[in-house]
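Read the structure below first, then the notes.
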Amino acid sequence: MACKPGQAPPTEPNGAGAASTASTASADPHSFGRPDQVRVQHIGLDWTVSFEDQRLVGVATLWVERTDPSASLWLDTRDLAIEAVKTGVMAAPPGGTVPHLADASGITWTDTTWSLGTRDPILGQALEIPLAAEANVVRIEYATQPGATGLQWLGPEQTAEGTDPFLYSQSQAIHARSWIPCQDSPGVRVTYDARVQVPQTEGAEDRVALMSASRRTDPGDAAGQFRFEMPQPIPAYLIALAVGRLEFEALGDRSGVWAEPSVRAKAAHEFADVERMMTVAESLYGPYRWERYDVLVLPPAFPFGGMENPRLTFATPTILAGDRSLVSLIAHELAHSWSGNLVTNTTWEDLWLNEGFTVYIERRIVEELFGEPQAQMEAMLGRQDLEEELGRLEFPGDARLHVDLEGRDPDEGLSDVAYEKGALFLRELEESYGRDVFDPFVRAWFDQHAFTSVDSEQFEAFLDRELVKVASPLPERTAARPKDWIHTEGVPQGAPQPTSDAMDRVDAALQSVLTGKVPIAKMSTDGWTPHQWLHMLRQLPGKVSAKDLAAFDETFSLTASGNYEILAQWLEVGVGEGYAAVDERLERFLLTVGRRKFLMPLYEALLAAGRKADADRIYAKARAGYHPITQHSLDGLLGYGT
Ligand code: BES
Ligand code: ZN
């Protein structure tokens, strides 16, 4: 970036106060912020959305708290085009109220020098803003770049309607900095308010902006102007924005779905259990503290299954199976309203405190709503995922719950360990101490740490104080063994091993086919749920021929499955075993779906089958439609651009 007049030259790396080193050893290794010196408390955002330029253009106004009066404000940024930085003085808003800084008036702004540090390939660039004596607000005029890693700009052809472009954000883990200059650490919480100006075109009056916040209306608001306010303090990775042609349908008094017009009814049908999920979670873990819970169904390019943006979960349309069989994903994202959003991991090295707790709670909700057998099936598949993950980890240390991510991209450090080993640890505690003791313990964890960020050490201390010291394990059960779970690789001996009669029946049916006792066309699959199908399909690799797969397909129409979990698993098996009849469906899948969890194994299967040329050919066509995060992962896998 060119130097502007009055702007200091970029800081040299590793010099005194160098912008490329995080401030202290105990700080978040993924943030340049120094919140112990100057902490951002509130962010006001004012953007105009330009689909033509694929940019957000506008202003971020940051209200800061200064602990060290001589220290600069340090922010995280990645690829932001910064136009100007100004500082000012603002009187604190009346106690308890959230300032409205999106279009703040009455502040006298003074130009200030600022400097961007050297670009780190993982972290981006530090932005240092020196603060004059009284300054407590900072105004940053900027624009995002079209390639911002935290945003995806979709063309109309990538939407269900096909008429309008679409924009959405995905900030976890460290992508908020690519669209908002902020202290992008889960240990720093802010409230925010926003004003978003969306271009309105004729005939597209239902083009709306949504954020992870409550919507406000001002009498003076023009068409296409949207206002938001998030009064609960949240970490930056939970700030979220979506813009597109969207409609709303209520599910209950405090819940609903947003989706493109042609997807809305299907989504509302699929998520009919949301209110009951909320009630179950509240009865276990205390009140839902975010007022509303809405789900936004995104276009299929979304790289994740779901993202727990507060008040507004973002979800992939690939869970709309029609039979509500994949709604545990919504239970999962809802559960984050306690584990993650209310009580947050301080750094990504303790992601298990977000995800392990959330998977555990997700299964408790599933058990309550759909019965123990269903929860057990999901737990069993989860345990399989974990074993598989442990077998392919690149860094052995990643088999611990508390991981070392120094110098690493948190996106790459993402594994099933945080999710499934974390959930298994909590399940062991539950089985050891009994639900009578364990449920109130978990609730107290949330109550006592509400709206704060926590680390493994704090959990260990809390466990010791609130469980180990005051309760004893049930007869013949292991006492809590946090060191073995949190700081040791792998799964401790004697860990819970979920079992399921329904899955045993699947094993028996498959066995009878594989041993030739029963022809494939006669395999007994009556009443199988999608999870049973998944369990069956997972066992096929290496045990069947392409001819067998043709028989499976003939009998069960798997290539035509409308359930994306089953379909993805089936396509993977098909590619692996050389069953060419899946190829056409596979290509269409890879060209429309952006969910990384499906894409990675499918491209890997093509490589393993010696079909690099096919993988490259499809990727060349599909890449532009994938999210920057997905592109990054697949570029690596396929050696794209090298
Ligand atoms: N918070 C995660 C998604 C995430 C994690 C994004 C880490 C970026 C970095 C979300 O809650 C999640 O876990 N989604 C899962 C679904 C879940 C049912 C396991 C997914 O997207 O597959
Ligand atoms: Zn999650």
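Considering each of HIS332, HIS336 in turn, give the residue that is in contact with a helix residue (DSSP H, G or I) (Cβ under 9 Å, 6 or more places away or on another chain), open to solvent by less than 10 Å² (accessible area, probe 1.4 Å), near ligand 1 (Cβ under 8 Å from one of its atoms) and within 18 Å of GLU282 (Cα to Cα). Don't jump to the end; show me each part of the working.
On the way: HIS332 fails: open to solvent by less than 10 Å² (accessible area, probe 1.4 Å).
Residue meeting the stated conditions: HIS336.
Out of all the residues in segment 293-306, is one or more within 16 Å of ligand 2 (Cβ to nearest atom), within 18 Å of the chain's Cα centre (by Cα) and open to solvent by 30 Å² or more (accessible area, probe 1.4 Å)?
Yes: one or more hits.
Of the residues ALA104, ALA133, only one is out of contact with any strand residue (DSSP E or B) (no Cβ under 9 Å at 6 or more places or on another chain), closer than 17 Å to VAL64 by Cβ and open to solvent by 10 Å² or more (accessible area, probe 1.4 Å); which? Let's see the steps before the verdict.
On the way: ALA104 fails: out of contact with any strand residue (DSSP E or B) (no Cβ under 9 Å at 6 or more places or on another chain).
Among ALA104, ALA133, only ALA133 is out of contact with any strand residue (DSSP E or B) (no Cβ under 9 Å at 6 or more places or on another chain), closer than 17 Å to VAL64 by Cβ and open to solvent by 10 Å² or more (accessible area, probe 1.4 Å).
So which residues in segment 604-629 are surrounded by fewer than 21 Cβ atoms within 10 Å (Cβ to Cβ) and under 22 Å from the mean Cα position of the chain (by Cα)?
ARG623, ALA624, PRO628, ILE629
Return the pair list, or none, for Cβ contacts closer than 8 Å from residues in segment 139-153 that are of a type in the set (Gly, Ala, Ser) to residues that are open to solvent by 20 Å² or more (accessible area, probe 1.4 Å) and assigned to a loop (DSSP other than H, G, I, E, B), at least 6 apart or on different chains.
GLY147/ASP79; ALA148/ASP79
Need at least 3 residues that are among the small types (Gly, Ala, Ser) per element, so show me which helices (runs of 4 or more DSSP H) inside segment 555-642 make the cut, counting only ones lying wholly within it. I'd like the intermediate steps shown before the answer.
Values: elements: 564-576, 583-592, 596-608, 612-622, 628-638.
In segment 555-642, the matching helices (runs of 4 or more DSSP H) lie at 564-576, 612-622.
Which of the residues belonging to segment 51-86 are of a type in the set (Gly, Ala, Ser), within 19 Å of SER105 (Cα to Cα) and over 26 Å from the mean Cα position of the chain (by Cα)?
Here is the first cut: in segment 51-86, the ones of a type in the set (Gly, Ala, Ser) are 58, 60, 70-72, 81, 84.
Then keep just the ones that are within 19 Å of SER105 (Cα to Cα); that gives 58, 60, 84.
Residue satisfying the conditions is ALA84 alone.
Can you tell me which residues in segment 153-186 are part of a loop (DSSP other than H, G, I, E, B), within 16 Å of ligand 1 (Cβ to nearest atom) and either open to solvent by 10 Å² or more (accessible area, probe 1.4 Å) or of a type in the set (Gly, Ala, Ser) (or both)? Even if it seems obvious, please write down each step before you answer.
Within segment 153-186, the first condition is being part of a loop (DSSP other than H, G, I, E, B), and the residues that meet it are 155, 159-165, 170-175, 179-181, 183-186.
Narrowing further to those that are within 16 Å of ligand 1 (Cβ to nearest atom): 170-175, 179, 184-186.
Correct list: SER171, GLN172, ALA173, HIS175, SER185.
Go through segment 446-463 and count every residue that is of a type outside the set (Phe, Trp, Tyr), open to solvent by less than 60 Å² (accessible area, probe 1.4 Å) and either at pLDDT below 95 or farther than 17 Å from ARG435 by Cα (or both). Break it down into steps so the answer makes sense when it comes.
Taking segment 446-463 as the starting set, the residues that turn out to be of a type outside the set (Phe, Trp, Tyr) are 447-450, 452-458, 460-461, 463.
Restricting the remaining residues to those that are open to solvent by less than 60 Å² (accessible area, probe 1.4 Å) gives 449-450, 452-456, 460-461, 463.
The next check asks that each one be either at pLDDT below 95 or farther than 17 Å from ARG435 by Cα (or both); those that pass are 449-450, 452-456, 460-461.
Within segment 446-463, residues that are of a type outside the set (Phe, Trp, Tyr), open to solvent by less than 60 Å² (accessible area, probe 1.4 Å) and either at pLDDT below 95 or farther than 17 Å from ARG435 by Cα (or both) number 9.
Those residues that are away from ligand 2 (no atom under 16 Å from the Cβ) and crowded, with 16+ Cβ neighbours inside 10 Å, I need them from segment 593-603; list them, please.
Keep residues of segment 593-603 that are away from ligand 2 (no atom under 16 Å from the Cβ), which gives 593-594, 598-603.
Within segment 593-603, VAL593, GLY594, PHE598, LEU599, PRO601, LEU602, TYR603 meet the criteria.
Being among the hydroxyl-bearing types (Ser, Thr, Tyr) and within 13 Å of ligand 2 (Cβ to nearest atom) is the filter here, so list the residues in segment 333-347 that pass it. Steps first, please.
Residues of segment 333-347 that are among the hydroxyl-bearing types (Ser, Thr, Tyr), as a first pass: 337, 339, 344, 346-347.
Across segment 333-347, the qualifying residues are SER337, SER339, THR344.
Just checking, does segment 348-366 include any residue being more than 16 Å from ligand 2 (Cβ to nearest atom) and either open to solvent by 10 Å² or more (accessible area, probe 1.4 Å) or under 26 Å from THR191 (Cα atoms) (or both)?
First, the residues of segment 348-366 that are more than 16 Å from ligand 2 (Cβ to nearest atom): 349.
Going one step further and asking which of them are either open to solvent by 10 Å² or more (accessible area, probe 1.4 Å) or under 26 Å from THR191 (Cα atoms) (or both), we end up with 349.
The answer is yes; a qualifying residue exists.
Which of the numbered conditions does THR144 fail, given that it passes all the others? Conditions: (1) farther than 26 Å from LEU405 by Cα; (2) surrounded by fewer than 22 Cβ atoms within 10 Å (Cβ to Cβ); (3) not basic (Lys, Arg).
(2)
Would you mind listing the strands (runs of 3 or more DSSP E) fully within segment 192-265 where at least 1 residues are open to solvent by 10 Å² or more (accessible area, probe 1.4 Å) and either touching a Pro at 6+ places or on another chain (Cβ under 9 Å) or more than 19 Å from LEU151 (Cβ to Cβ) (or both)? Don't jump to the end; show me each part of the working.
Working: elements: 207-211, 214-216, 225-235, 241-245, 247-252, 255-259.
By residue number, 207-211, 214-216, 225-235, 241-245, 247-252.
The values are calculated or read from the model by the stated rules, or taken from the named source; none is laboratory data. Not measured: the values here are computed from a predicted model. Cβ sites come from the backbone with ideal geometry, for glycine too, and all protein chains shown count toward neighbours. Ligands, DNA and RNA are excluded from the accessible area calculation, which covers all protein heavy atoms including side chains. Shrake-Rupley method; radii C 1.70, N 1.55, O 1.52, S 1.80 Å.
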